[in-house]
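Heads up: the structure comes next, in structure tokens.
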């Protein structure tokens, strides 16, 4: 066999998405697109009370409706194993844990008939008093054992109270962020089909392998029985993360009951109670500093909500553990379990709301000290993680701040607020720092050399639409030293073996490790003359040991965001004509898709700052604005000029790809940068998101 | 979704005979609101009578009055040369509503009779006096930040979501209707019933009447018109405040003015009190503000929508000031 080595590397070049043509021509099949013979449809009957018991379901009447094949409910549902995941313990008892929770599933021959029958299914309840009202002073707030994903609840270094008591300047403020829903374009869908004693689940998930494992345990199946296929995903933002969402378990349950393939697709309103959301947070930030703005103390306390089903504690205050130097540093969390839907991951969980608190407070400190906000952050830069004392593998926050200031034109900014009237607009600028953890998780990958001269990479990775498949193609091609056109990367299949999901900005770092290592091994074997059998030659690498052997370091991506805003003097409308983001994210595998991810992150940050809010009516325990007309996600018209840049960030302490991950850092700090700019424009602090016209106008008068 | 029958109407008479006196029948125009409500189970018709083939899709000059067929699509209406030339406020209002895709499909008539987007109305698992008379109005104590401040009642605080209707109101539009008794016309303002204790009854016309079109009187030379809408996001959102205005100023004095407000009531709110205050007086920002304040004296804001009072006041001042410039 002849091999063509290519000198020019692909990494660093803006390769367009390898599956782009499939997507724009409709050839790409998403979870709800898979055609299967005999397919039938399941529709959720949602609880219409927030707490209580189901005392009766008129199953007979529903079974008599046109097209109905079966009804799944607590009396006929399979018994499930307790895997410690309350949201998946479906139909195991008669309890209602929150409004919108499934109390039954109607299975019919068409989705329309399933829906009609589900909506007409009569359910009798015994309601109980409920509490769905999150308040910062809720008496039910308690200190959990840990916060997400597995962080200490509290850190305490030095003596914060004494340091603040003796500080020349003190900022002590409360900040609020609302519940927000991820609202990926593609709603959740799961199709389960049994064949040859295996069940295949076509679903839209960020974690194909993890979901297969957890459902195997949930249904008590033999290992290897469950296969999860998730080839294309229309966005997730954490909402399709682990654990499996209820649609996946319902599809498996229903397919088992009726012996036919069953599809459960959720409507937009059904996503709101069933698939997760970002908890509302209440934060108190106390900063103590000397007259020059150098922090002597930092305290960040956060409160959030969870459901009765799962203890899920947003890691809001951990942002303050790694950002700015302070000898006295305390962070803590409390959570309250309410009769509400279960909150879950949403893009930069923890860091997104937490950075609003700290980066807003830093702006207030800059004002109080009379120090420029960029300079203030430079003065509080550090090369050791403040809470743990661990050295950073690399920390180029200062470079991001300086480069951002240069690109944005920050120099010479008049710090005084409310001084720039331009016709009907007040104008202002603001900025914030950003960081996001650069984690890597064990993953297994296989690469096969074929006699055709092509290579096939298999790894249970996920491409949410981010370009992950493309980046892996580039990494593999370079490791094999072959053109990208000879490499095919297959992902989204749990049969490929253990792999981390597309979450925590860990995808490319985690998958790239075994992909690159297996490719190096295969290239070496081929170069050393190992024969190529007819089925191809395969190298496999499991990165578990290698990941575990890394040095104990603090690994983070850093960034800085700058915003210009205009606020209408009479209506309070806020516009953002310009956003600049500068990032140190390790190696950039593909500058085109990397830029797109950061543009998306910044846009989502803008959306969080000005628009997004899931409105809970606590009397009913449900979100009222559960659709894309009333839950406002930024449109093109909301987004002005977006400027994305990278600073060089070589870091040999990460992984063989040298990447830190950049799926989430683009959102971190953007709401604070915009809120700080609104203060600069109007002189009114915005300590609660979103900053809609109503809030801007009310606070200004 | 309930299974339903579908019929295409041959002509207006046939359409009316199919729908009039049949509470299970609905006209289908663009379907941008009705079909959504059917999916949600809010509307459950047995029969849809598709009227989009009827010859009601033209904009014509009828001796100075502009006649707009009920089936003229929003996009066509906004782009029509006669509309842009004579009634820019109407074009602006339409283009401020919905999205390009929706405007390509949605009709003029359908826009006027679209339903409120109140979150309790559009969720069949919630009480709502408009959807289920007597079940209560959770919005009054609940999520109402974008609901009514004028003309509401203890039974309903819903708003009418249209932009187009606000402009038509300021233009003194008349609405053409056909029912079993034949065709007739009425002022747009008279199309909508006051909320009172029956918010489920929204229109004054008989059940099953078909909107056939609207007509607009000519505007005198020198008239200026304008529409301004405030919404929470920059595009594709319902108004939280909207003003359509028609203004004629001569020698610094207001010789004619018509003002309609959106997002404040169950129908486009014609600001007659403000108009009376202004007519014959000076065209100054002070006068505009005094007139707006007088109009909004009747406002009864709820816990979370009081911001609409100053917002609407300031919008009236801003729009009139711009037109008087």
Worksheet item: Among A:410, A:513, which comes first, second and so on when ranked by fewest other beta-carbon atoms within 10 Å?
Response: A:410, A:513
Worksheet item: Roughly what angle does helix B:308-324 make with the longest principal axis of chain B, taking Cα atoms, 0 to 90 degrees, to the nearest 10?
Response: 60
Worksheet item: So, in nm, how far is label residue A:382 from label residue A:411 when the simple model puts each one 7 Å beyond its Cα toward the Cβ?
Response: 3.0
Worksheet item: Between residue A:544 and residue B:132, how many nm apart are label points set 7 Å from Cα along the C-beta direction?
Response: 5.4
Worksheet entry | Inter-site label distance for residue A:122 and residue A:58 at 7 Å from Cα along Cβ, in nm | 0.2
Fill in: Cα centroid separation - the stretch B:27-86 against the stretch A:171-228, whole Å
43
Discussion item. Just to confirm my numbers, what's the Cα centroid distance between the stretch A:102-149 and the stretch A:301-364 in Å?
Written reply: 24
Discussion item. Within the stretch A:433-457, list the residues whose amide N lies under 20 Å from a label point set 7 Å along Cα→Cβ of residue A:485.
Written reply: A:449-457
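In nm², what is the average projected area of the convex hull enclosing the Cα atoms of the stretch A:273-358?
Answer in nm², one decimal: 5.5.
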Discussion item. Among B:299, B:237, B:170, which one shows the highest mean-square fluctuation when chain B is modelled as a Gaussian network with alpha-carbon springs under 10 Å?
Written reply: B:237
Item to complete: Over the Cα atoms of the stretch B:5-50, compute the convex hull volume and normalise it per residue, giving Å³.
Response: 62
Discussion item. At 222 nm, what value in deg cm²/dmol follows for chain A if DSSP H runs of at least 4 each add -39500 (n - 2.57) and the sum is divided by all its residues, to the nearest 500?
Written reply: -7500 deg cm²/dmol
Worksheet entry | Tilt relative to chain B, helix B:285-295 - C-alpha long axis, 0 to 90 degrees, to 10 | 40
Discussion item. What FRET efficiency comes out for residue B:201 versus residue A:33 if R0 is 45 angstrom and r is the Cβ-Cβ distance? Round to the nearest 0.05.
Written reply: 0.55
Discussion item. Under the 0.36 nm per residue contour assumption, what length would be gained going from the current alpha-carbon distance of residue A:652 and residue A:172 to full extension?
Written reply: 168.9 nm
Item to complete: Give the calculated FRET efficiency between residue B:300 and residue A:145 to the nearest 0.05, with a Förster radius of 51 Å applied to their Cβ-Cβ distance.
Response: 0.55
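How big is the shadow of the Cα convex hull of the protein assembly as shown, averaged over all directions, in nm²?
Mean orientational projected area (the protein assembly as shown, Cα hull): 43.2 nm².
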Worksheet item: With a Cα-only, solvent-free Debye model of the stretch B:224-324, what are the log10 I(q)/I(0) values at q = 0.14, 0.22, 0.23 Å⁻¹?
Response: -0.48, -1.11, -1.20
Response to the item:
Quick shape check on the stretch B:184-237: root eigenvalues a ≥ b ≥ c of the Cα gyration tensor, a/c under 1.5 is rounded, otherwise prolate if a/b tops b/c, else oblate, and it reads oblate
Discussion item. Quick check on chain B: what does the Kirkwood estimate of hydrodynamic radius come out to from the alpha carbon pairs, in Å?
Written reply: 20.1
Discussion item. From Cα pairs below 8 angstrom and at least 6 apart in sequence, can you work out the relative contact order of the stretch B:108-172, rounded to a whole percent?
Written reply: 36
Worksheet item: Tell me, what is a quarter of the convex hull surface for the C-alpha atoms of the stretch A:536-591, in nm² with one decimal?
Response: 8.7
Response to the item:
Contact order relative to length for chain A, counting C-alpha pairs under 8 Å separated by 6 or more residues, stands in percent at 17
Discussion item. Output needed for the stretch A:646-693: three equivalent-ellipsoid semi-axes, defined as square roots of 5 times the C-alpha gyration tensor eigenvalues, in descending order, whole Å.
Written reply: 35, 11, 7
Discussion item. If you average 1/r across every pair of different Cα atoms in the stretch B:139-202 and take the reciprocal, what Kirkwood value do you get, in Å?
Written reply: 13.6
Item to complete: Provide, as a two-decimal number, the C-alpha radius of gyration of the stretch B:51-138 over 2.2 N^0.38 Å, N being how many residues it has.
Response: 1.39
Discussion item. Going 7 Å from the Cα of residue A:195 along its beta-carbon direction, which residues of the stretch A:37-54 have the amide nitrogen within less than 13 Å of the resulting point?
Written reply: A:37-39
Worksheet, complete the sentence: Expressed in angstrom and rounded, the centroid-to-centroid distance over alpha carbons for the stretch A:262-294 and the stretch B:150-202 is 41
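Each value in this text was obtained by applying a stated rule to the coordinates, not by laboratory testing. The shown structure was predicted, so the numbers you read here are calculated from the model rather than taken from an experiment. Ideal geometry is used to build each Cβ from the backbone, glycine not excepted, and the neighbour counts take in all protein chains shown.
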